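*Asks:* My questions will all concern the structure given below.
What follows draws every value from the coordinates through simple rules; no lab data is involved. In this text, all values refer to a predicted model and were calculated from it rather than measured experimentally. Ideal geometry is used to build each Cβ from the backbone, glycine not excepted, and the neighbour counts take in all protein chains shown.
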Amino acid sequence: MNSPPHPRLKPLPPIPSGRICGVASASGSLQLSVASIARMMLVCLTVACLAMGVASLDAADPAEAARPNILFIMADDLGFNQIGAYGDTPIKTPNLDRLAKHGIRFTQAYAGNTVCSPSRVSLMTGRDGRLMHDNSNKVQLRDIDVTIAHVLKHAGYDTALFGKYSIGSQMGVTDPLAMGFDTWFGMYSILEGHRQYPHFLWRDGTKIRIAENEAGKKGAYAQQLFTDETIHYISQQRDNPFFVMLMYSSPHAELAAPEQYIKPYRDQFTETPYTGMTTGEPADRYAWYYPEAVDEPRATLAGMVTALDAYVGRLVDALERKGIADNTLIVFTSDNGPHDEGGGDPQFFKAAAPYKGMKRDLFDGGIHVPMILHWPAKIGNGRADHTPWTFADVLPTFADLAGVSLSTVPRAKTNGHSIASLLSETPRMIPERTLYWEFGKQAGDPNSGIIGEVFQAARRGKWKAVRYGLDQPTQLFDLDSDPGEEVDLSQQHPEIHNEFVSLFDENRN
Ligand SMILES: [Ca+2]
């Protein structure tokens, strides 16, 4: 990679098979603190556990030339129906619509959970709610976890993360550098992700002042900064394939975007100003997190999505300028359903249509997300694909594309399934599976730290079951005839219902 190696927990390069731990000590510092020894031990453990997988890569050279760059782009709280490619929205997203038209538009793709952190941990580790160590928004990566970035790094990829991280509990132990990324720039904590014009960001563990946003100024929009960094990173790439996670923190509240993107929507909608904390009375139950007033929340939210779309267009341009667009897999998705915070109004925009619910629901509105995969080298003709799959499948899929056999990486512990066979002009179906989600909803404030209720959901084929609380009945829906999950069929199909009840009882995490 072109960025200098970080002196701390940089993932090790692939090592020859048969060697396990000599590398770390040979290149170690002359002044070893207890902490640095602990870090080296961690690195040794990582290498030991991945060594077998690395060894298998040595023989995978013939496929090297075909391995794609991967640009994984994720929006934050973007609903299924908030971009043009997925339905009927007044929000303009021409660049995303173009990717969908020429790529695969997955219509039955699901996030890892209905809120940020468990959805992202599921994505990073390839686990659904059955294997997650915590299904609430408190969950953080552990230093023992193997991430997508670890896997791709050891496959020889350059790895980078830009934008919102929010799943590391301790800088230096579970930050992006420790979890497989060569470099990162963005927001570390979930609360930092609430600011669209942040006063500071992080670069490889160092806090960076954003002077343009100090003293009441709003000169540097976070999503634009993440885009600029990604484009610069792409422009500097040379030999290795790269894996970039671009984790936008929009259209999550707070609602704010540069004027050029809001302007086309002014006077388009009837507006009810959001007053935040400015009147002395909180404007909604989460106003503490979003204290600033927003005069035109609907135009602003639409502008936020159109801004993201414009940034995606810039990224595509950058890939084309560099001549690598053909063999770059671009993924675009969202981490969970739409929110109603800080002036957000998912009902007005029909943001989750045709699905029921929103963020914090396990009805499809909370978890059923847009999922566009664009890869000209493999997908020449655009199409829709109706295979149900989830974030837990992303890690095994990318491992497949990178030529890594996960069976030789015991600590990966994924229970996802590769969907790589779908990414072709002649797709092969994957076996039908039961997908599972679980959400530990915190009592009161969404970050109270106290689990109040446990929701569960599962899907197999057209059947979806939902249980809103461990002492609540399990509802059963036929998504083919009832995507809005309105008609409970548990009485009509007791055998299927009982199977889901048993699944919920057995798998409560
Ligand atoms: Ca989110």
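*Asks:* Can you sort VAL487, VAL331 from fewest to most other Cβ atoms within 10 Å of each residue's own Cβ?
*Replies:* Ordered by Cβ neighbours within 10 Å, fewest first: VAL487, VAL331.
*Asks:* Another question, then. What is the order of ILE190, ILE231, fewest Cβ neighbours within 10 Å to most?
*Replies:* ILE231, ILE190
*Asks:* Among bridges DSSP assigns within the chain, what percent are antiparallel (round to 5)?
*Replies:* Of the beta bridges lying entirely in the chain, close to 55 percent run antiparallel.
*Asks:* Quick check: residue separation of GLU259 and SER481 times 0.36 nm, minus the Cα distance between them. What number comes out in nm?
*Replies:* Full-extension gain reported as 75.7 nm.
*Asks:* Per residue of the chain, what 222 nm ellipticity follows from adding -39500 (n - 2.57) for every DSSP H run with n ≥ 4, rounded to the nearest 500?
*Replies:* That calculation yields -8000 deg cm²/dmol at 222 nm.
*Asks:* List the relative contact order of the chain as a percent without decimals, with contacts defined as Cα pairs under 8 Å and 6+ residues apart.
*Replies:* Contact order relative to length: 22 percent.
*Asks:* Do any of LYS164/LYS413; LYS92/LYS413; LYS138/LYS413; LYS153/LYS462; LYS101/LYS217; LYS413/LYS441 go past 31 Å between their Cα atoms, and which?
*Replies:* LYS92/LYS413; LYS153/LYS462; LYS101/LYS217
*Asks:* Let me ask you something else. Once the piece of chain linking GLU432 and ARG209 is laid out straight, how much longer is it, given 0.36 nm per residue of separation minus the C-alpha distance between them?
*Replies:* 75.4 nm is the gain from fully extending GLU432 to ARG209.
*Asks:* Starting with the fewest neighbours, write out ASP128, ASP77 ranked by other beta-carbon atoms found within 10 Å of each beta-carbon. Intermediate values should be presented prior to the final figure.
*Replies:* Numbers: ASP128 29, ASP77 26.
By the 10 Å Cβ count, ascending: ASP77, ASP128.
*Asks:* Can you compute the FRET efficiency between ARG142 and ARG285 using 1/(1 + (r/R0)^6), with r the Cβ-Cβ distance and R0 = 41 Å? Round to the nearest 0.05.
*Replies:* Values: r = 31 Å, r/R0 = 0.76.
The formula returns an efficiency of 0.85 here.
*Asks:* How long, wide and thick is the chain, going by the Cα atoms along their three principal axes, in whole angstroms, largest first?
*Replies:* 63, 62, 48
*Asks:* For the chain, what are the DSSP H helices with axial Cα length of 18 Å or more and mean Kyte-Doolittle hydropathy of at least 0.0?
*Replies:* Flagged H segments are 34-57, 297-322.
*Asks:* Hey, which aspartates and glutamates would be in cross-link range of LYS218, C-alpha to C-alpha under 18 Å, not counting anything within fewer than 8 residues on its own chain?
*Replies:* Leaving aside aspartates and glutamates fewer than 8 places away in the same chain, those within reach of LYS218 are GLU192, ASP228, GLU254, GLU259, GLU292, ASP295, GLU296.
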